[in-house]
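Remarks on the structure that follows.
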Amino acid sequence: MADVDSYFICATPRTGSSLLCGLLASTGVAGRPEAYFRVPDEPAWAGRWGLDPTAFDYGDFVAAALAAGRTGNGVFGAKLMWGTLDRVVDGLATVHPELAGADDVLLRRAFGRTAFVHLRRDDVLAQAVSWLRAEQTNLWYVGCPDANGAEPRYDHDGIDDLVRTIDAHQAAWEEWFAAYQVTPHRVRYEELAADPAGVTRKVLGFLGLELPAGATIRPRHRRQADALNREWIDRHRAGGRLPDSDG
């Protein structure tokens, strides 16, 4: 038996959340974690689940997400970026208005025994560079069908803005954990990238799950960072100049 009914991967963009979701899904016992509650994607999910994409009851949406995101052992998984958490608790408050403002109680009412995995990246500049490239090209993972083919361009101010956003969102996650006395399982992107199977096993242990005999932990996405990422990081640290520039 798992120690939880549900868990959320709490992250900011470009911390390896899709990588971790795929690794956990591959175990067959840790739910099918996806970004079910991202507002721009809600109509697509609703339509896939047979709900009216333009007008659905949030309680019905959550019930459909639970059905889609559970594995046979009853465990549900999903990922939440910082802004998405507000959408979830605000939506649940329309179903349980008497619990409005009690985020932890609302989540437990909807998702049962709920655990949290906090995923963050030590190198915030590298994270911001990756985020900027993804926004410019709409290439969020290798093979992403929504990629627009745009040529990525260095933007010093854009990188600075994203660094500030990442810092603010990380601080907001920490404040939320503290406010609701949540002790998440901590995962660093750098550790995940270096040892994906080992990190996945640790998350399973935190959730009270065991990898089934014969199961293989396998990634769904490949690493995207390349020489251009490193060039932009070096350029930013050089004050926006090209690293080999004299002036």
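Report the normalised scattering of the stretch 41-164 as log10 I(q)/I(0) at q = 0.15, 0.18 Å⁻¹, calculated by the Debye formula with identical scatterers on the alpha carbons.
-0.93, -1.11
Would you mind listing how long the chain runs along its three principal axes, going by Cα atoms, in whole Å with the largest first?
Between the extreme Cα coordinates on each principal axis of the chain lie 62, 43, 37 Å.
Taking only protein heavy atoms into account and a 1.4 Å probe, give the accessible area per residue of the chain in Å².
Counting only protein heavy atoms, the per-residue value for the chain is 48 Å².
Using square roots of five times the C-alpha gyration tensor eigenvalues, list the equivalent-ellipsoid semi-axes of the stretch 163-221 in whole Å, biggest first.
Each semi-axis is √(5λ); the values are 28, 17, 7 Å.
Within the chain, what percent of beta bridges assigned by DSSP are antiparallel, to the nearest 5?
Taking every DSSP beta bridge within the chain, about 5 percent pair in antiparallel fashion.
Would you calculate, for the chain, the mean residue ellipticity at 222 nm contributed by helices, counting each DSSP H stretch of 4 or more residues as -39,500 (n - 2.57) and dividing by all residues, to the nearest 500?
Result for the chain: -15000 deg cm²/dmol, rounded to the nearest 500.
What is the angle, in °, between the Cα long axis of helix 156-179 and the longest principal axis of the Cα atoms in the chain? Nearest 10 is fine, range 0 to 90.
The angle comes out at about 30 degrees.
Tell me the angle of helix 196-207 to the major Cα principal axis of the chain, expressed in degrees between 0 and 90 and rounded to the nearest ten.
The angle comes out at about 30 degrees.
Sort the following peptides by mean Cβ neighbour count (other Cβ atoms within 10 Å, averaged over residues), highest first: 174-181, 74-81.
With the highest mean Cβ count within 10 Å placed first, the list reads 74-81, 174-181.
Subtracting the Cα-Cα distance from 0.36 nm times the residue separation, let me have the gained length for Ala227 to Asp86 in nm, one decimal.
Stretched out fully, the Ala227 to Asp86 stretch lengthens by 47.1 nm.
The values are calculated or read from the model by the stated rules, or taken from the named source; none is laboratory data. Everything numeric in this text was worked out from a predicted model, so none of it was measured. Here Cβ is always computed from backbone atoms with ideal geometry, including for glycine, and neighbour counts include all displayed protein chains. Heads up: the accessible areas ignore ligands, DNA and RNA and are worked out on the full protein's heavy atoms, side chains in. Shrake-Rupley method; radii C 1.70, N 1.55, O 1.52, S 1.80 Å.
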